[in-house]
Every structure is written in C-alpha cells, then in structure tokens.
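Notes follow the structure.
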Amino acid sequence: MNKAELKKLILDILLPQHLKCHSCGREAIVNDHGVCSECESKVLFVPETAGIQGVDGFVSGMQYNDVARRAMIPFKYNGAVYKKEFLTHYIRIPESWSFDCFVPVPLHPKRQRKRGYNQSEIIANALAERYPHPVRTELLERLRDTPKQARMTKKERLKNVKHAFRASDAVSGLSIVLVDDVRTTGATLFECAAELKRRGAARVYAVTACCSMMEVNNGN
Ligand SMILES: [Zn+2]
C-alpha cells in the first residue's frame with residue numbers, strides 16, 4: 001500500500017461516503033454537506049413567489065435540476081439516506097412561521113414496508129434537529145397507494161391524490177409544517193393541507209427539499 005492509498009483508507013474509515021460527492025458521485029473534496037464545488041455552484045434557489053393554493057406558506061431548499069435530481073433519486077429509491085445532508089442543507093424555515101410540529105407526507109404502509117423508510121420523514125427528522133419541534137407521523141395517513149404522478153398533468157394529479165389522505169382529529173388547533181421531498185405541481189401538498197384543515201388544523205405550511213420550477217413557472 002502506498003502513501004496515497006493509506007491516506008484514502010484512513011479517510012474512508014474516518015469519513016465514510018464523504019469522499020464521494022452526494023450529487024455527481026465523483027471522488028472529490030466535498031464541503032460540510034457533502035457536495036463538490038462544481039455541484040455546489042449549480043445549486044439554484046427557489047423564489048419566494050412559488051406559493052401553493054390553500055397552504056399558508058411554502059419554502060423549498062433548491063430547484064429540482066440535475067444536481068438535485070442525482071441526489072434525490074438514490075435518496076428516495078435506493079436507501080441512500082445519508083444524502084439528506086445535502087438535500088436538506090438549503091432549507092430555511094422563515095422566522096415568521098409559528099408552528100407546533102412537522103408532519104411528513106405519508107407513504108402508503110404497503111409502499112413504506114417495501115422501501116423500508118419514508119424519505120419525507122427522514123427530511124422532517126433532519127429539520128427537527130435544526131428547528132426543535134416534534135415530528136408527528138401519526139397525524140396523517142395515506143389511505144390509497146396512488147399511482148406515480150411523474151407523467152400526469154396538474155389536473156390528473158389533483159384527481160389522483162383526492163381523498164388519498166386522512167388526518168387525525170388530534171390536529172385540531174395545531175399549526176403544522178408539512179414536509180415532502182419534491183414539489184412538482186403542489187397537488188399532494190394542496191390535498192394534505194385541505195385534509196388537515198378539514199380536521200381543524202389552524203395553519204398548514206409546507207417545506208420541500210426540492211421544487212420543480214417548470215411547474216411553478218407555468219402558473220401552477
Ligand atoms: Zn459533485
């Protein structure tokens with residue numbers, strides 16, 4: 001083993017997975033949230049104008065471009081949960097939001113069993129470390145395992161998620177921050193917020209790690 005190999009081995013032991021960029025996957029010098037300088041320079045922020053109807057406030061960490069997508073896909077589908085460091089790094093919850101708890105958008109229990117985790121819950125737990133409020137997964141459940149929405153229009157998405165969620169009566173009077181991975185049209189967050197308010201939630205805000213700007217710019 002030469003010096004370089006020894007150094008790499010030691011770093012691998014001390015800083016597992018920190019040697020590879022969370023986005024492009026190259027071995028590189030990465031920053032404290034796991035991305036190389038090239039990927040970091042391509043992160044784009046989300047303008048404050050990207051609101052969602054029926055939701056009292058919305059923020060997202062970054063635009064869902066290639067840099068974000070390359071981290072999100074393995075985070076969501078292949079168990080690469082450590083990528084939460086990068087995916088949640090840019091989220092800033094406004095000081096003006098006064099809230100009681102985080103509620104991740106639930107998966108259907110069948111899907112969660114298959115995947116082994118709910119990616120939105122992992123994002124919520126990461127946020128709860130920075131913004132000390134409890135994560136309450138028991139307040140909202142998914143009743144139907146809705147088909148994937150990737151190729152649907154906004155109208156189809158709204159229909160797809162309609163009555164797909166049920167909130168507990170315990171949400172009555174609470175101010176809630178909904179947490180999801182990617183906002184596309186906002187149909188899922190719209191439906192969750194509507195259900196939480198039907199059950200008496202006082203306010204519902206929403207936070208996502210990423211936001212697809214194509215949909216926002218199309219007036220959705
Ligand atoms: Zn990179």
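The values are calculated or read from the model by the stated rules, or taken from the named source; none is laboratory data. These numbers come from a predicted model, not from an experiment. Here Cβ is always computed from backbone atoms with ideal geometry, including for glycine, and neighbour counts include all displayed protein chains.
Observations on the structure shown:
- S120 being polar (S, T, N, Q) and out of contact with any strand residue (DSSP E or B) (no Cβ under 7 Å at 6 or more places or on another chain): no
- Against the conditions (1) under 18 Å from T208 (Cα atoms); (2) in contact (Cβ under 8 Å) with a residue 40 or more places away in the chain, R157 satisfies every one except (2).
- Test: R130 is assigned by TED's automatic domain parsing to the domain that holds R199, basic (K, R) and surrounded by fewer than 13 Cβ atoms within 10 Å (Cβ to Cβ): yes
- A search for C-beta distances below 8 Å between a residue of the stretch 3-29 that is more than 20 Å from E40 (Cα to Cα) and modelled with pLDDT under 80 and any residue that is away from the ligand (no atom under 12 Å from the Cβ) and of a type in the set (A, V, I, L, M), counting only pairs 6+ apart in sequence or on different chains, returns L9/M1.
- Screening D100 against (1) out of contact with any strand residue (DSSP E or B) (no Cβ under 6 Å at 6 or more places or on another chain); (2) closer than 18 Å to A201 by Cα leaves a single unmet condition, (1).
- Residue match in the stretch 172-182 (condition: in contact with a Ser or Thr (Cβ under 8 Å, 6 or more places away or on another chain), at pLDDT 95 or above, among the aliphatic types (A, V, I, L, M) and surrounded by 21 or more Cβ atoms within 10 Å (Cβ to Cβ)): yes
- Condition met for I122 (more than 22 Å from G51 (Cα to Cα) and in the same structural domain as F86 (by TED's automatic domain parsing)): yes
- For E85, the test of being crowded, with 17+ Cβ neighbours inside 10 Å, among the acidic types (D, E) and closer than 26 Å to M214 by Cα is passed.
- Every residue from the stretch 30-59 that is of a type in the set (S, T, N, Q), modelled with pLDDT under 90 and either in contact with a His (Cβ under 9 Å, 6 or more places away or on another chain) or surrounded by 10 or more Cβ atoms within 10 Å (Cβ to Cβ) (or both): Q53
- For the stretch 114-170, the set of residues classified as in a helix (DSSP H, G or I), at pLDDT below 95 and farther than 26 Å from G61 by Cβ consists of K114, K155, E156, K159, listed by residue number.
- Flag if A193 is touching a residue at least 24 places away in the same chain (Cβ under 8 Å), surrounded by 14 or more Cβ atoms within 10 Å (Cβ to Cβ) and either among the acidic types (D, E) or part of a loop (DSSP other than H, G, I, E, B) (or both): no
- Check on D66, outside the structural domain of A150 (by TED's automatic domain parsing) and within 15 Å of the ligand (Cβ to nearest atom): no
- Sole exception among (1) outside the structural domain of L196 (by TED's automatic domain parsing); (2) in contact with a strand residue (DSSP E or B) (Cβ under 9 Å, 6 or more places away or on another chain); (3) surrounded by fewer than 21 Cβ atoms within 10 Å (Cβ to Cβ) for C21, by number: (3)
- The condition of being touching a strand residue (DSSP E or B) at 6+ places or on another chain (Cβ under 7 Å) and either within 12 Å of the ligand (Cβ to nearest atom) or in the same structural domain as T184 (by TED's automatic domain parsing) (or both) holds for only one of E27, E38, E48, that being E27.
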